[in-house]
1. Need a quick list: strands (runs of 3 or more DSSP E) entirely within region 227-342 having at least 2 residues that are farther than 24 Å from Phe131 by Cβ.
2. Would you mind finding the one in Phe565, Phe554 that is among the hydrophobic types (A, V, I, L, M, F, W, C), in contact with a Ser or Thr (Cβ under 9 Å, 6 or more places away or on another chain) and assigned to a helix (DSSP H, G or I)?
3. What residue, of Asp164, Asp172, Asp144, is of a type in the set (D, E, K, R) and either open to solvent by less than 20 Å² (accessible area, probe 1.4 Å) or under 26 Å from Ile334 (Cα atoms) (or both)?
4. So Gln321 passes all but one of these: (1) surrounded by 18 or more Cβ atoms within 10 Å (Cβ to Cβ); (2) among the polar types (S, T, N, Q); (3) out of contact with any strand residue (DSSP E or B) (no Cβ under 8 Å at 6 or more places or on another chain). Which condition number does it fail?
5. Within the set of pairs 6+ apart or on separate chains, which have a first residue in region 360-378 that is in contact (Cβ under 8 Å) with a residue 12 or more places away in the chain, a second that is among the basic types (Lys, Arg) and surrounded by fewer than 17 Cβ atoms within 10 Å (Cβ to Cβ), and C-beta atoms under 7 Å apart?
6. Do you know which residues across region 254-278 are among the aliphatic types (A, V, I, L, M) and within 17 Å of Val377 (Cα to Cα)?
7. How do the pairs read when you match residues in region 115-132 that are at pLDDT below 95 and part of a strand (DSSP E or B) with residues anywhere that are among the small types (Gly, Ala, Ser) and open to solvent by 10 Å² or more (accessible area, probe 1.4 Å), using Cβ under 6 Å and keeping only pairs 6 or more apart or on different chains?
8. Got a sec? Which strands (runs of 3 or more DSSP E) wholly within region 388-459 have at least 2 residues that are closer than 16 Å to Leu533 by Cα?
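The values are calculated or read from the model by the stated rules, or taken from the named source; none is laboratory data. Keep in mind the model is a prediction, meaning the values are calculated, not measured. Here Cβ is always computed from backbone atoms with ideal geometry, including for glycine, and neighbour counts include all displayed protein chains. Remember, those area values only see protein heavy atoms, side chains included, never the ligands or the DNA or RNA. Shrake-Rupley method; radii C 1.70, N 1.55, O 1.52, S 1.80 Å.
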Amino acid sequence: MKLPSADFLPAGRFRVGCNYWASHAGAHMWSQWQPETITADFRQLAEARLSLVRVFPLWPDFQPLHRLCANLGDFFEYRHGEDPLPDTPAGRAGVDERMLERFRFLADEAQREGLQLVVGLITGWMSGRLFTPPAFTNLNVITDPEALRWQARFVRCFVEALRDHPAIVAWDLGNECNVMGRATPAESWVWTHTLTSAIRTADPSRPVISGMHALAASPREAWSIADQGELTDFLTTHPYPLWTRFCDQDPLISLRPQLHATAESLFYAGLGGKPCFAEEMGSMGPFIASDELTPQFVRPSLYSLWAHDCRAMLWWCAYDQDHLSRAPYAWVTIEQNLGLHQTDRTPKPVVGAICEFAHTLAQLPFAELPARLVDAVCLLTEGQDQWAVAKSCFVLAKLAGADVNFHWFERPLPAAPVYLLPGLCGAQSLPRNRWLELLARVKDGATLYVSLDDALLSDLDEVFGVTVAARKRRPVAASANSNNLFTYDGFPLPVTGAFRLDLDATRAAVHSREADGNPVFIECQYGQGRVFLLTHALERTLAQSPASLGAGKFGEAWRLYARVFAAAPSRRVWTKTTVELGVTEHPIDDNQRILVLVNHSGRDLVEPALLAPGWQLASVLAGQGSAAEGITIALADATILHVARR
């Protein structure tokens with residue numbers, strides 16, 4: 001059976017678009033209705049080569065329920081203000097039919113301009129303000145059964161009314177609904193299941209998109225990535241460095257912010273088991289980065305998302321809102337200047353960057369980019385800060401010339417040549433059955449890397465070839481902010497973490513030691529495979545440290561990962577010479593590959609064409625260069641190559 005998601009954001013393709021509120025009124029566009037503005041806005045968005053637009057029927061405008069009470073405050077009935085609910089399908093669902101007609105006009109205009117719509121159904125949270133129908137003021141609309149009943153009615157009515165419109169390509173549960181009210185894991189699951197079921201009952205042909213932000217990695221927490229992946233067809237990230245934990249550490253136009261959207265989208269896709277795209281993305285305005293420099297953030301971010309099969313990027317948002325005086329714009333200053341266009345409709349430089357990217361992809365001689373080679377699986381566990389660890393793991397691997405996917409350790413393990421278990425915490429992070437399954441993979445030839453935060457492990461001597469003479473808490477002076485160092489490959493790195501393990505190497509080779517000689521990074525053979533152990537919290541501390549990948553104290557930490565990947569046979573054909581160059585390899589067949597080279601270095605690059613024996617540069621598909629003179633990758637841009645066997 002053809003899945004409803006088959007035609008929406010298929011693998012290997014990429015769409016660009018934006019989130020949309022009308023330029024004249026923002027979130028209040030439905031009550032301050034100006035159809036001529038919609039027409040002008042959509043024409044301008046189409047001219048900018050955008051193809052996908054996320055739109056929002058504001059919940060209290062579309063379902064304006066008032067709760068009327070009689071004697072002693074007992075509930076009597078729901079009305080639209082003072083007017084009885086009409087005796088129509090829409091009226092019985094509490095829906096204002098005038099708003100449905102306004103939305104149909106918007107969809108007609110999108111169709112006229114060749115724009116496709118993602119509809120965020122329960123728009124009760126927007127830009128810092130909670131919007132609910134008056135009847136549900138002061139209720140927890142996630143858990144209250146009466147509020148949930150009317151949400152389901154609204155969703156079913158809206159979808160039934162618009163399901164035949166060709167401009168609509170997907171139904172989004174709503175805008176970041178996980179912040180509309182507190183919930184337990186069971187309550188958040190029930191809310192999501194109720195609304196996804198209402199959508200699919202009314203329209204089984206279109207995919208259901210999560211629309212959530214800042215989901216939990218652990219399936220034991222509310223609003224988890226796993227639950228959203230179970231119940232929806234597409235997961236979404238809203239990867240603003242300003243609002244995402246540990247991502248506001250560096251200037252926006254540097255490497256970690258440029259990789260943020262990709263890392264977080266892969267994190268969600270890996271833990272949720274569904275495709276994920278960057279549904280909201282932006283610079284968060286000129287206070288964070290100037291309009292002139294913002295293209296240096298968006299171009300490498302777009303190429304990286306595309307190369308890692310993250311399907312789409314929707315900018316937040318279409319138009320500046322600095323002329324609006326209503327809440328939330330009056331409350332949250334930074335929400336006012338986030339548009340692709342200024343209030344007077346002047347396009348900002350980011351529009352040109354997005355347009356050029358879309359044009360480049362349209363000119364390529366293939367429609368779908370083949371899947372990239374993946375060198376390792378990063379296994380995430382209970383007890384740790386999974387996002388901090390995952391983000392650092394992704395960046396360190398990328399610097400080392402490798403690519404990773406993410407996986408929850410408690411699920412059956414995927415096949416992989418390298419397994420990364422970074423930042424282990426506590427005494428319950430490794431379920432015994434899964435640990436034994438992992439060790440069996442290593443015995444058969446896989447490579448395993450483990451780094452320790454405050455974890456307690458068994459099997460150290462058998463697996464890693466070391467014994468613990470003593471475990472002791474480090475003094476504060478020897479924490480992550482100190483100058484306590486170890487040296488690897490001739491480069492000093494800080495010792496981090498709360499605990500020190502005094503190790504005796506029985507079979508392990510010691511690659512790095514603390515100043516007093518205590519082993520800190522070791523390697524050991526295990527069966528046919530290799531294991532590596534790092535006894536401090538590299539990944540978590542790296543995520544928490546500003547400017548840590550430049551000339552700072554963690555600048556050479558990627559070399560540890562390079563050592564791990566060197567222990568496994570490489571399937572790559574390109575060798576890079578610039579650490580900050582992101583390289584993905586996409587096999588077409590056994591004899592041809594597409595290479596995507598993304599420049600995160602902050603300068604123009606010329607890379608030698610260092611290909612594996614028997615391979616040659618067939619053509620430069622985007623960018624400039626030759627095998628003889630080297631490949632040019634412009635500042636904050638990408639070059640796309642076709643390589644083939646001789």
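1. Those strands (runs of 3 or more DSSP E) span 276-281, 312-315.
2. Within the list Phe565, Phe554, the selection yields Phe565.
3. Asp172
4. In the conditions (1) surrounded by 18 or more Cβ atoms within 10 Å (Cβ to Cβ); (2) among the polar types (S, T, N, Q); (3) out of contact with any strand residue (DSSP E or B) (no Cβ under 8 Å at 6 or more places or on another chain), Gln321 misses (3) alone.
5. Within 7 Å, the pairs are Ala367/Arg13; Glu368/Arg13; Leu373/Arg571.
6. Selection gives Ala263, Leu266, Ala269, Leu271.
7. Arg129/Ala327
8. 418-424, 447-452
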